[in-house]
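See structure below.
The values are calculated or read from the model by the stated rules, or taken from the named source; none is laboratory data. Everything numeric here is computed off the predicted structure, so don't read it as measured data. Please note: Cβ atoms are built from the backbone with ideal geometry, for glycine as well, and neighbour counts cover all protein chains shown.
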Amino acid sequence: MLNKVIYMKIEKKYCFDLNSILGRFLSQTQIHEYIDSIALDFLPQQPLRMTSDENQLNDYFNENIQTKKIRLLSDTLVTYVGKILTEEKYIEFLLEFGKLILTRGENNLTLDITLMVYSLVDKKKKYENYKAQTFLLFADYHMRQASWKEAFNAIKRAKAIFESVGNKSGLGECEFLIGSAFVEQGDLKAGKFRLENCLTYLNQENDPVLFAMIDVHLGIIAFIEENLELALNYYNKALSKFELLGDERRRAETLLNKGVVYRNLGQIEKAIEIFNESSDIARQNGFLPTLNLCFVNKAEIYLQKEELERSTRYSQKAIELSYLLNDRLSIADVHKILGVISKKQKNYSLAENYLLTSLRLNHELNEELNAADANYELGLLYKEKGNKDNARIHLTCALNYYIHNNSKTFSAVIESQLSSLM
């Protein structure tokens, strides 16, 4: 039995918790009716761990994500809500629910719901804003698949609608997604320009989450440019905002970035502590994409500590979850980690295969930064094998990227490796 609907302290349009979504669109009586008449048919046979303060539906959702039952539960919920709400409210619900399940890694279900919304809003002038929001959800979905062309096309269509209706907040979100995509691909100059341009459309009071997310991405840029103190300042600013908003998902994501900074500062135990905190939040809330990144980062940090067996275990967890989520960026990252592990184990043939696979995947995804990392590791591998020509080719490719993005420390390290080949 549902005891209460838990409302998060976060503005409604940024609310990604299932309880909050249901509480916005359904009455307490209607939620009870859904749980009693429909949802219980799909609950697991074994009883859930319950306390008087837990929400049965939300616990089920979090504990059974990526299963057949969660798809059944979601389908019945969407049908039930559709019978109750007006068409406009139903569209709003689907958009919010689509955002929620995307953060949980249910990519295929997200696409289905987004297509469902599009069928409702297409060719209806009164739903132009909703249509634009649908394109943004399409864009977010494609960005998580690293399908950049499709993502940019969706953002372009959303932007055209927002411009026609004079929606500044929507235009700001478009600029943010474009900036995020450029940063993700390693084009820092274009990313920074778009993120700064985003601020001209936004209002701090009305768009607090986007302001915080801009801080996160500026922190990422500062990190790549090796200004680690500035990166930490941006991440801490963002964390304060997310804590105030009660946004656990973005807090977990930002903690990951902060952990990476401490790892690069050589503060390994502090980094592990932060990765564990992020991982705990992800587990408790069912944020599988974030949990997956925790696995990747732990694999990297234990590799750095030369704990190869432990690094391998986290890599195996990450690769399994990455394929489940179709997270191609992480798949490429894990192949790089496994390649370095194999190199350290003197299994050069396997290492070469892993690293070339990582390089190929990153080129396919237009991931310039990650491709540079893969090229660097390949250069080291070929140098260790005595293949100086291939070592120079890959190290030079890595060097060109870091010079282009003003990464002086990384450039100096690579130049030193190249000099030793003379």
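Restricting the first member to the stretch 334-351 and to residues that are assigned to a helix (DSSP H, G or I) and surrounded by fewer than 21 Cβ atoms within 10 Å (Cβ to Cβ), and the second to residues that are of a type in the set (D, E, K, R) and modelled with pLDDT under 95, the beta-carbon pairs closer than 8 Å and six or more apart or on different chains are 344/306; 348/384; 348/385. As for the stretch 244-252, it holds at least one residue that is in contact with a Phe, Trp or Tyr (Cβ under 6 Å, 6 or more places away or on another chain) and touching a residue at least 60 places away in the same chain (Cβ under 8 Å). Apart from one condition, residue 383 fits all of (1) charged (D, E, K, R); (2) farther than 30 Å from residue 290 by Cβ; (3) loosely packed, with under 15 Cβ neighbours inside 10 Å; the exception is (3).
The residues on offer are 349, 315, 358, 330, and the sole one that is over 28 Å from residue 221 (Cβ atoms) and hydroxyl-bearing (Ser, Thr, Tyr) is 349.
Scanning the stretch 66-89 for residues that are buried (at least 19 other Cβ atoms within 10 Å of the Cβ) and either at pLDDT below 70 or aromatic (Phe, Trp, Tyr) (or both) gives a single hit, 70.
Using the structure shown, decide if residue 229 is within 24 Å of residue 372 (Cα to Cα) and under 16 Å from the mean Cα position of the chain (by Cα). Judged against the criteria, residue 229 is not a match. Number of residues in the stretch 142-166 that are surrounded by fewer than 20 Cβ atoms within 10 Å (Cβ to Cβ) and assigned to a loop (DSSP other than H, G, I, E, B): the value is 3. It is to be established whether one or more residues within the stretch 379-389 are touching a residue at least 24 places away in the same chain (Cβ under 8 Å) and assigned to a loop (DSSP other than H, G, I, E, B). Taking every residue of the stretch 379-389 in turn, none turns out to be touching a residue at least 24 places away in the same chain (Cβ under 8 Å) and assigned to a loop (DSSP other than H, G, I, E, B). Residue 301 - would you say it is aliphatic (A, V, I, L, M), surrounded by fewer than 23 Cβ atoms within 10 Å (Cβ to Cβ) and closer than 18 Å to residue 353 by Cβ? No, not satisfied. So is residue 231 free of Cβ contacts under 8 Å to residues at least 40 places away in the same chain, assigned to a helix (DSSP H, G or I), of a type in the set (Gly, Ala, Ser) and under 25 Å from residue 175 (Cβ atoms) or not? It is true that residue 231 is free of Cβ contacts under 8 Å to residues at least 40 places away in the same chain, assigned to a helix (DSSP H, G or I), of a type in the set (Gly, Ala, Ser) and under 25 Å from residue 175 (Cβ atoms). A count restricted to the stretch 295-330 and to residues that are within 14 Å of the chain's Cα centre (by Cα) and not aliphatic (A, V, I, L, M) stands at 7.
Within the stretch 166-204, the set of residues being of a type in the set (Lys, Arg) and under 27 Å from residue 333 (Cβ atoms) comprises 189, 192, 194. Considering the stretch 122-146, the residues that are among the hydroxyl-bearing types (Ser, Thr, Tyr) and within 21 Å of the chain's Cα centre (by Cα) include one that is nearest to residue 330 (Cα to Cα), namely 141. Checked across the stretch 170-186, the condition of being part of a helix (DSSP H, G or I), touching a Leu at 6+ places or on another chain (Cβ under 7 Å) and among the hydroxyl-bearing types (Ser, Thr, Tyr) holds for no residue. Is there a residue in the stretch 280-287 that is surrounded by 18 or more Cβ atoms within 10 Å (Cβ to Cβ) and in a loop (DSSP other than H, G, I, E, B)? The answer is yes, given that some residue of the stretch 280-287 is surrounded by 18 or more Cβ atoms within 10 Å (Cβ to Cβ) and in a loop (DSSP other than H, G, I, E, B).
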